[in-house]
Amino acid sequence: MMKLRYGFIILSAITILFLPSFSFAQSRAQGEAATDDDPLQHSLPPGIRVRAFIHTPRVVEPNHLGKCTETTINSANFEKTGWHIPAGGITWKLNEATVPASVGASAARDAITKSFREWSDEDSDKVFNDGGRTTVKATRFDGTNTILWKKLSPSTIGVTYVWSYTTTGEVAEVDTAFNSRYPWRIFSDTADCSTIFDAYDLQNIATHEFGHWIGLDDLYDGVDKDLTMYGFGAGGELKKRTLGAGDVNGANAIAP
């Protein structure tokens, strides 16, 4: 299946670097400043590779974070990254100290749990365990699968880093960071879109990010715009809380 990757032309670019001293692929959005805790700036043990996924806003209205659109296409498409989570599952931890006050730590944990459950409900082999709290503030290869908020590039809603073993394709570690520059909420609406576009819905964005955890890539074709794994997000968007046909197909096509 061919995929037209035009998203990098508009808002972000993924740069793949092959370093002679290590055998791993690295990627970053164009304009994303290197920081001390940027995983793409640090060497890794032999046999480990890292990839970054930059979730970008699709801003189409002034003074909004992008306007959500109702679902019109239930595409069956998906793209795999080449890795999979361990057969025994993966344990995540939340840095509650970084959660925005507009969300709250307890509500954030509940929304994150629901986002993981979307994937495990479609494939019971996808196991995610709540490991409680962490004080980790950096997205680094440090032995903790961390979920947190931190200041990211203005062109970024969230970023997920996945470290995997080059020989087996098994995930070694994952970190997801949401951008603290932007407003966040958990909307009470049940439709595809809220009537308010002034914040990103945590469950909506998290479900997309966790698709990367299990081994799914971003999609950028217009026909895939209503799938959870579509690479752009919008304020007030809720439709990515639940999976489309392609997302379900992808989850079931990846081991374990």
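None of Ala206, Ala191 is assigned to a helix (DSSP H, G or I) and either closer than 24 Å to Gly104 by Cβ or among the aliphatic types (A, V, I, L, M) (or both) except Ala206.
Just checking, which of Pro100, Pro46 is surrounded by fewer than 15 Cβ atoms within 10 Å (Cβ to Cβ) and either modelled with pLDDT of 55 or more or over 24 Å from Thr134 (Cα atoms) (or both)?
Numbers: Pro100 fails: surrounded by fewer than 15 Cβ atoms within 10 Å (Cβ to Cβ).
The match here is Pro46.
Somewhere in the stretch 140-162, is a residue over 21 Å from Thr91 (Cα atoms), assigned to a helix (DSSP H, G or I) and out of contact with any helix residue (DSSP H, G or I) (no Cβ under 6 Å at 6 or more places or on another chain)? Within the stretch 140-162 (the criterion being over 21 Å from Thr91 (Cα atoms), assigned to a helix (DSSP H, G or I) and out of contact with any helix residue (DSSP H, G or I) (no Cβ under 6 Å at 6 or more places or on another chain)), the answer is no, since none of the residues qualifies. Residue-level check: of (1) in contact with a strand residue (DSSP E or B) (Cβ under 7 Å, 6 or more places away or on another chain); (2) modelled with pLDDT under 95; (3) farther than 15 Å from His212 by Cα, Gln30 misses just (1).
Being of a type outside the set (S, T, N, Q), free of Cβ contacts under 8 Å to residues at least 40 places away in the same chain, more than 19 Å from Ala138 (Cβ to Cβ) and surrounded by fewer than 20 Cβ atoms within 10 Å (Cβ to Cβ): is that true of Pro183 here?
In short, no.
Beta carbons closer than 7 Å, at least 6 apart along the sequence or on distinct chains, pair a first residue in the stretch 213-224 that is assigned to a helix (DSSP H, G or I) with a second that is of a type in the set (Lys, Arg) for Ile214/Lys126.
When Val60 is tested against (1) among the aliphatic types (A, V, I, L, M); (2) part of a loop (DSSP other than H, G, I, E, B); (3) at pLDDT 95 or above, just one condition goes unmet, and that condition is (3).
Kindly evaluate Asp217 against the criterion of being surrounded by fewer than 24 Cβ atoms within 10 Å (Cβ to Cβ), within 20 Å of Ile85 (Cβ to Cβ) and modelled with pLDDT of 95 or more.
Answer is yes for this residue.
Looking across the stretch 228-240, the residues that are assigned to a loop (DSSP other than H, G, I, E, B), of a type in the set (A, V, I, L, M, F, W, C) and in contact with a His (Cβ under 9 Å, 6 or more places away or on another chain) come down to Met229, Ala234.
The values are calculated or read from the model by the stated rules, or taken from the named source; none is laboratory data. Because the structure is predicted, anything quoted here is derived from the model rather than measured. Note that we place each Cβ from the backbone using ideal geometry, even for glycine, and neighbour counts take in every protein chain shown.
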